[in-house]
1. Tell me, what is the percent relative contact order of the range B:50-212, built from C-alpha pairs under 8 Å that lie six or more residues apart?
2. Which of B:K8/B:K115; A:K4/B:K249; A:K115/B:K45 have a Cα-Cα distance over 18 Å?
3. How much accessible area is lost when chains A and B come together, counting both sides, with a 1.4 Å probe, in Å² rounded to the nearest 100?
4. What is the projected area of the convex hull of the Cα atoms of the range A:36-196, averaged over all directions, in nm²?
5. Go through B:A85, B:G100, B:L118 and say which Cα lies farthest out towards the positive end of the charge dipole of the range B:50-212; charges sit on Cβ, +1 for Lys and Arg, -1 for Asp and Glu.
6. If all Cα-Cα distances of chain B are sorted into 20 Å bins from 0 onward, what percent lands in each bin, rounded to whole numbers?
7. About the Cα centre of the protein assembly as shown, how large is the charge dipole given +1 on each Lys and Arg Cβ and -1 on each Asp and Glu Cβ? Please answer in debye to the nearest 20.
8. What does the net charge come to around A:A44 if you take all other residues with beta carbon closer than 12 Å to its beta carbon, with K and R at +1 and D and E at -1?
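The values are calculated or read from the model by the stated rules, or taken from the named source; none is laboratory data. A quick note: this is a predicted structure, and the numbers were derived from the prediction, not measured. Here the Cβ is made from the backbone with ideal geometry for all residues, glycine too, and neighbour counts use every protein chain on show. These accessible areas exclude ligands, DNA and RNA; they are computed on the full protein's heavy atoms, side chains included. Shrake-Rupley method; radii C 1.70, N 1.55, O 1.52, S 1.80 Å.
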Amino acid sequence: MQSKVAITILSMIVGFVLIITAGYYRESTMKKEAPNFMVSLNSAAEEAAESWPLTVDLSDLGFTKKVLRPWTIHVRANSITNEGNEPVQLKFSLANNSLPVTWDSRQLAWDKNAKTVARPFLPGESMKYPLSIYFHIPQKYRQQAIIYNGGLEISDVNTGRILAYVPIKLTNSKISNSKTSNSEMSTEGHGEGVCDR
Amino acid sequence: MRSFHWFKRLSTIFLGFILFFTPFALLTRLSFWVTGKPGSLATQKASCGDTCLLHPVEWTVQPANWIRFLENPLLLTTFVLVFVAFLFGPLFCGWLCAAGGVPEFLGRIIPNRFKLDLRNSTEPSAIRYGFLVGFVASSFYGLHISCAYCQYATLQDITTAFMAGNFGGINHLTFSAGLITFLTWFVIFGLFTKGGRGWCNYVCPVGASQSIFHWVGAKFGFTYKMRFIPEKCIECGTCAERCPMWAIKMNPGPNRNYHACIGCRECKAACPNRAISYARGVDSEMTLLVPGVVQATGKD
């Protein structure tokens, strides 16, 4: 009986430790693997709003992702807020991109062909999870130090004005390091812009 | 009788799927149709997140988040489920939960010889309660576990992608925690574990919270529970073999574990001698966390 109680207590401790460990593992990998951003727009502002840069280093992914799905990178908007006084209609586009991309949104009015939210985005409104971008990295780009260096442009369909810009960079530091350490190998042709982005 | 029971459960689990998960999410749609969509949800696609069963468990110790129940009363579903569990057992787990049902039923296609049999090697209920405590406590460590390791969202991501033909956009298969969830919930502890409910057995905080209430409720005579009739039992072990939650162990007669039982009644359907019933009544002897400590007497 005593040993059974001891096993029970031990099992509970194992469960507790496992979930807390899983939590820390999630914390250590999530930002590196699936970065997200929040941005506040103001159509009256002179300059476009800018989010913090989102960078994913493909050689610094969590073990599970590195093994199972390293060539699909998910970048997500947690929220977009309209801090201006005018309604706008959002359109999303990627600057400098030639990678295959899947777009998705939790917005009901999402138009997947036009990459727009087909309704007025009212002043003071905040959209939750309005955008997910999945970059699929083809074989030919995988051995580049910089796979993508561009950003997400959020513009107003009606005026065409860019309201916000989110810098996005997909890198592979292992390639970059090996290139740096090996003087015989040229980095020419592997840098920014080579993918016709 | 067994095949009919199998079909009944499969039907209700499909009902659970269309109630909670996109593209159907009927519960969310129906609720919003009746009450009007609250706040920012008005502009969003329906999702299993609208009736999230995990967050409320986490929020029980976070008063700052209680306001969210006012913003979206659908989140109170968790509390309805624990109330039902108190009176009737964790029927949601056994009859409606698609995240538990899908691996259980798909796993039946795979021959048992390819599956892990962990029934006698671990104490799943105790590990699951440890998980539950850790899950609730995780917020104090600043950890955000519920969404990253969410079996419901993983199922929804995959089925939605299949239905929409949008295979590139399966959110939970793009980061390590999501991949671990998929591998453990669906593959290792699902398809390749006996019973197909290894995740429910070891991990699920929603099931664990319901099991606590079921265990307490089973002490009262007015609640429903699985009951054994010892004089009818021929100790064939069929019930223990069929239980997807490993809630019955033979010693030599059946010992049931209320901490694992999900009220699916697979044991009742499988029993060749009708020695198991689902009924009300005082249960004088309760199993502890470890099955086998107390043998069932089935006093009615």
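1. Numbers: 187 pairs, mean separation 55.8, N = 163.
The value is 34 percent.
2. On the way: B:K8/B:K115 25 Å; A:K4/B:K249 15 Å; A:K115/B:K45 16 Å.
In this structure, B:K8/B:K115 exceed 18 Å between Cα atoms.
3. Working: alone 11690 and 14050 Å², together 22110 Å².
Chains A and B together bury roughly 3600 Å² of accessible area.
4. Details: hull surface 41.6 nm².
Taking a quarter of the hull surface, the average projection is 10.4 nm².
5. Toward the positive end, the furthest listed residue is B:L118.
6. 33, 58, 9
7. Working: 47 positive and 32 negative charges, 409 e Å.
The dipole of the protein assembly as shown has a size of about 1960 debye.
8. Details: positive: A:R161; negative: A:E46, A:E47, A:E83, A:E86, A:D156.
For residues surrounding A:A44, the net value is -4.
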